[in-house]
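Let me begin by presenting the structure, written as structure tokens, before commenting on it.
The values are calculated or read from the model by the stated rules, or taken from the named source; none is laboratory data. In this text the structure is predicted, and so the values were computed from the model without any measurement. Because the Cβ atoms are built from the backbone with ideal geometry, glycine has one as well, and the counts that use them run over all protein chains shown.
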Amino acid sequence: MVNFPFLKNKKNKQDDEQYLTSSEETTEYLEIKEKLKITEQQKHAYEKRIQYLIHHDHVTDLPNRTLFDRKIEELIMESSLKDANFTVMYLDVDRFRQINESLGHVIGEKLIMQFSQRMKKLLNKDSLLARVGGDEFGIILWNYSDAKYPEFTANWILDDLNEYFVVEDIEFRITTSIGISSFPADGQTKDELVKAAEVALFRAKKNGKNTYQIYSATMDINSYKNFYLDRDLRKSIENNELVVYLQPRVDTFTGKLISAEALVRWEHPVWGLVSPSEFIPIAEDSGFINEIGDWVLEEVCHFIQSCEKKKITTIPISINISAQRFLRNDWKDKLIHILRKTNTDPNLLEFEITERTLIQYEQDVEAALKYIKGLGIKIALDDFGTGYSSLSYIKDFSIDTIKIDRSFISQIAKSCDVEVIIKTLLYMTKELKMNVVAEGVETEVQLDFLKQHGCKEIQGYIYSKPVTIEEFQALQSESILKLHDPSQHKRVGVPIKRKYFRIDLHYPLKAKMTLTSIKGKEVKLGKTDVLIENIGPGGLKFLSNIHLPIRSDIFFQFDTKILNEPITLSGYIVWKEEVQDIYQYGLQLEIEEQDRDHLIKVLNNLTVQLRKTTKLPNCNFILVDKIDYIKKLQKE
């Protein structure tokens, strides 16, 4: 704003104008006004420039997501008039985040600029290349006659990236993952086409990166779920969806609570409570594991402070730390900031790193551990025994605690060789003056073995599963924790009172399950194998390796065969419980009454036949162990 000092004492605008037109300073005012005048031509140029900036990325000068979305909508309208098709491609620069964080944003931006310039050279005039996110690009192709043209383009892109990029004398070999969808086959709207391309991109990334995938509606439930987890994870902290659970670590001989491990869970708005085994690999792949780690650390520090305020005895809390955190330049500053902000005693914290981390990032981790130990924070080596390191190798690091992996503990009383390994580990850690924790202790046989051979600390369902902070504070009030039977799992959800009979099957019935709708919106997916344990006109009980939500607005369909007759059933999950690391569900059927009447006739006939033999050849019965069958599906 231009300042007119001679207007300071004027009462209002009208007085100002009168003053200016009548004063000797009018000439000065007109001169200033003339200098500020913008011609129509200049105004048009400014507006054009503003519009350009709104619709283009400032780093690459490419169209941005707004222009990308608008072009798709334009092509949809044009295609409806002349019955043409076009293709949407989504590209993700593999591992760009790691480059950006390790070498800095300046190099990262220069690399992205070079990447975009190469992509532009590969495309013709009937295409649009846009930067739709940090390391994501979108391509639209139209006016092509060869149906294979999008695949040719994807291959040209992948081949072109075989040539190195050079930024500030640093050579980079980068790859990209590509997802492809087409109008109208894969979607009738912009949102459907973009989602289909994103799903295909997700598959390409899961298939090892540096490849392309064409969208297919045959994606199964697990892949569909993982796609949404991958998409929504970055919003989890912002939307207050993450929650810290704590699992007690107990004195083996007294049952006294002596410490705990902090474990993060994700309360997804659709899929419910998501376990770390599902979303942590996604977080590590995207780099978001760093933000999650910082969030967990701060939450644990707040918990320790709340215990002190409530005059509850504080105990050390162990936190899992990703090796990626040590590769970022800000990790020390962030750690000190959280400790000071929460006024937390570092001696009440323990950081857990995995054996794989220690081996893969030896130099960076060694320097980081020395700094952390200097602050007073203890260090634990998690999952020991799953990698290739030895105690003679580990003793050179600043390790306070060794955590024996649950895969070893589960073999107690089953494998003599594993028992020998555990006894040797316990003896050597004692000689090296290291603390040792046995993870995954679930039975009294395991507990007795560990007591006999001097393991001082255990962690597992025999004392407690991971619990919420509120539940953990209740445990803190108990001086000695009670033994629990881990086989008695708490059922989540409430079964609806049965109106109809159920047939408990001696052998489970194999069925194909698919998800058909979420919140009233139809979903088209492929099918997944499950086992039906009992069945009736009102519902069924089934086993699956997929963690599914208890919601009345998510519907599943089951296809099986009973007495040579194809049977299709639909319903929603009303309860679930975990059984030997897989999931058991209760399903409430939602079917028409005439279909229910027909099902009753089939089941009555089945009951009669089962009285004669439990191995009917004209049903989809599985004659192997049902738990082993489902666990085998997990590995495939």
In this structure, is Ala154 part of a loop (DSSP other than H, G, I, E, B) and among the hydrophobic types (A, V, I, L, M, F, W, C)? no
Condition check: β-branched (Val, Ile, Thr) and modelled with pLDDT of 95 or more. Does Val250 satisfy that? yes
I need every pair where a residue in the stretch 426-442 that is farther than 20 Å from Glu350 by Cα has its Cβ under 7 Å from the Cβ of a residue that is in a loop (DSSP other than H, G, I, E, B) and of a type in the set (Ser, Thr, Tyr), sequence separation at least 6 or different chains. Glu442/Tyr461
Would you please list the contacts, defined by Cβ atoms under 9 Å and residues six or more apart or on different chains, that run from a residue in the stretch 259-270 that is free of Cβ contacts under 8 Å to residues at least 12 places away in the same chain to a residue that is part of a strand (DSSP E or B)? none
Complete set of residues in the stretch 94-111 that are in contact (Cβ under 8 Å) with a residue 40 or more places away in the chain and under 25 Å from the mean Cα position of the chain (by Cα): Asp94, Arg95, Phe96, Arg97, Gln98, Ile99, Glu101, Ser102
Quickly run through the stretch 360-400 and pick out the residues that are modelled with pLDDT of 75 or more, surrounded by 17 or more Cβ atoms within 10 Å (Cβ to Cβ) and outside any loop (DSSP other than H, G, I, E, B). Val365, Ala368, Leu369, Ile372, Lys373, Lys378, Ile379, Ala380, Leu381, Asp382, Asp383, Phe384
Go over the candidates Asp595, Asp628 one by one and state the one that is surrounded by fewer than 17 Cβ atoms within 10 Å (Cβ to Cβ), acidic (Asp, Glu), within 27 Å of Arg491 (Cβ to Cβ) and not assigned by TED's automatic domain parsing to the domain that holds Lys465. Asp628
Given the structure, is Glu101 among the acidic types (Asp, Glu), under 29 Å from Arg203 (Cβ atoms), at pLDDT 90 or above and assigned to a helix (DSSP H, G or I)? no
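Yes/no matrix, rows are residues, columns are (1) of a type in the set (Val, Ile, Thr); (2) within 30 Å of Lys465 (Cα to Cα); (3) in a strand (DSSP E or B):
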position: His547; (1), (2), (3): no, yes, no
position: Ser552; (1), (2), (3): no, yes, no
position: Phe556; (1), (2), (3): no, yes, yes
position: Pro566; (1), (2), (3): no, no, yes
position: Tyr585; (1), (2), (3): no, yes, yes
position: Gln588; (1), (2), (3): no, yes, yes
position: Asn604; (1), (2), (3): no, no, no
position: Thr607; (1), (2), (3): yes, no, no
position: Thr614; (1), (2), (3): yes, no, no
Residue that is nearest to Val579 (Cα to Cα) [pool: residues in the stretch 470-485 that are out of contact with any Pro (no Cβ under 7 Å at 6 or more places or on another chain) and not in a helix (DSSP H, G or I)]: Asp485
Within the stretch 265-320, track down each residue that is part of a strand (DSSP E or B) and under 30 Å from Thr176 (Cβ atoms). Trp266, His268, Val274
Has the stretch 181-191 got any residue that is among the hydroxyl-bearing types (Ser, Thr, Tyr), buried (at least 20 other Cβ atoms within 10 Å of the Cβ) and over 30 Å from Glu298 (Cα atoms)? yes
Among (1) out of contact with any Gly (no Cβ under 8 Å at 6 or more places or on another chain); (2) more than 16 Å from Tyr212 (Cβ to Cβ), which single condition is Val93 missing? (2)
Restricting to the stretch 401-428, give me the number of residues that are surrounded by 15 or more Cβ atoms within 10 Å (Cβ to Cβ) and within 18 Å of Arg249 (Cα to Cα). 10
Criterion first (in a helix (DSSP H, G or I), in the same structural domain as Asp186 (by TED's automatic domain parsing), within 28 Å of the chain's Cα centre (by Cα) and at pLDDT below 90) does Ser79 satisfy it? no
Take the stretch 158-172 and flag every residue that is part of a helix (DSSP H, G or I) and surrounded by 15 or more Cβ atoms within 10 Å (Cβ to Cβ). Leu158
If you go through Phe501, Phe542, the only one that is surrounded by fewer than 17 Cβ atoms within 10 Å (Cβ to Cβ) and of a type in the set (A, V, I, L, M, F, W, C) is Phe501
